[in-house]
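Here is the structure we will look at.
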Amino acid sequence: MSGGMRLTVLASGSRGNACVVEAGGATLLLDAGLSCRELVRRLHDVGLRPESIEALIITHEHLDHLRGAGPFARRFGVPVYLNKGTYDRCEGTVGRLPERVCFDTGGTLVFGGLLVETFTKCHDAADPLGVVLKADGVKAGVLTDLGRSTRLVEDRLKGCDALIMEFNHDEQMLREGPYPLAVKRRILGREGHLSNEEAGALLEVLSHPDLKHVVTAHLSEVNNRPEMAFQQARGVLDRRGLTRTRVHLSSQFEPGPRIVL
């Protein structure tokens, strides 16, 4: 592609997460929580060849972000980028990698004209990170698996043209739902996941007139409904007068739309 940026969420949810970014002459995969076979199928579904993936970046070691990383990297010879804390936790899961590149959280990775800025976030993993993507004057933020917002998160994600962000659960549905108490406490905790309301509050802080797209991501199949997440995001944007900002729902079962910036 020439100029701009394209983002496609291949899958998002507790069964598996993966997102493709095309920008600056590079094509990257953020997380690989699906099987290798399913990653290949979904890449083909959105018109991309698996061989076009130049690097795979892992945000943290939980299986729904890691499941297909090793097999995909070995099959297509893709280098895997992750921080040391994440690698130490997942070495036995990913197995031998064709190329492993460890970086420090807070640093910036460069792939041609695409900059990938990393920052720490609050989640119950070894060293979890969020990502800001920059190319050709365009900025996008990818932030799921977040227990609470922080000033750092808000600072890094200011001024994004697009946001892929977590709207994990409805708090009442979670509290009244079938999950064991310990799991409920984990999700509701400061290193768990954002509720629709908490995500809406973060979106209100991050919204601005040039925000073009918001993708609601990592929705719980048990403790949320797509229309609830959509209405939360849409309501925040409408109150801010951002009626032209589009809201997209990610899916666990099929790729989302290709967002062009």
* **Relative contact order %, the chain, counting alpha carbon pairs below 8 Å whose residues are six or more apart** => 19
* Arranged from highest to lowest average of other beta-carbon atoms within 10 Å per residue, in what order do the peptides 228-239, 119-130 appear? -> 119-130, 228-239
* Using the Karplus equation 6.51 cos²θ - 1.76 cosθ + 1.60 (θ = phi - 60°), what ³J(HN,Hα) coupling, rounded to whole Hz, does each residue of the range 16-24 give in order, writing x for Gly and Pro? -> x, 10, 6, 9, 10, 10, 10, 6, x
* **Rg and Dmax [Cα atoms of the range 77-116; Å; Rg one decimal, Dmax integer]** => 11.2, 33
* **Amide H contacts under 5 Å for LEU97, placed H, 5+ residues apart** => none
* Rule-of-thumb Rg ratio for the range 5-260 [Cα; 2.2 N^0.38 Å; N residues] -> 0.94
* To do: Can you grab the distance from the C-alpha centre of the range 208-261 to the C-alpha centre of the range 1-57, Å, no decimals?
  => 19
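So for the range 131-261, Kirkwood radius off the Cα pairs, Stokes-Einstein at 4 °C and 1.567 mPa s: how many µm² s⁻¹?
On the way: Rh = 15.0 Å.
Estimated diffusion coefficient is 87 µm²/s.
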* Asked: How do the peptides 177-188, 211-222 rank, highest first, by the average count of neighbouring beta carbon atoms within 10 Å per residue?
  -> 211-222, 177-188
* **Calculated from backbone phi, Karplus (6.51, -1.76, 1.60) coupling profile of the range 154-171 in Hz, x at Gly/Pro** => 5, 5, 5, 9, 5, x, 6, 7, 8, 10, 10, 9, 6, 10, 6, 8, 8, 4
* Structure fact -> If amide H atoms are modeled at 1.01 Å from N in the peptide plane, then the residues at a separation of 5 or more from PHE103, or on another chain, having amide H under 5 Å from its own are LEU82, ASN83, LYS84
* Structure fact -> Amide H neighbours of ARG258 at under 5 Å, excluding residues fewer than 5 places away on the same chain, with H built from the backbone geometry, are none
* About the Cα centre, charge dipole magnitude for the chain (Lys/Arg +1, Asp/Glu -1 at Cβ), debye -> 220
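Just so you know, all these numbers are worked out from the coordinates, no wet-lab data involved. Quick caveat, the model's predicted, so the values are computed rather than measured. Counting neighbours? That spans all protein chains shown, and the Cβs are built from the backbone with ideal geometry, glycine included.
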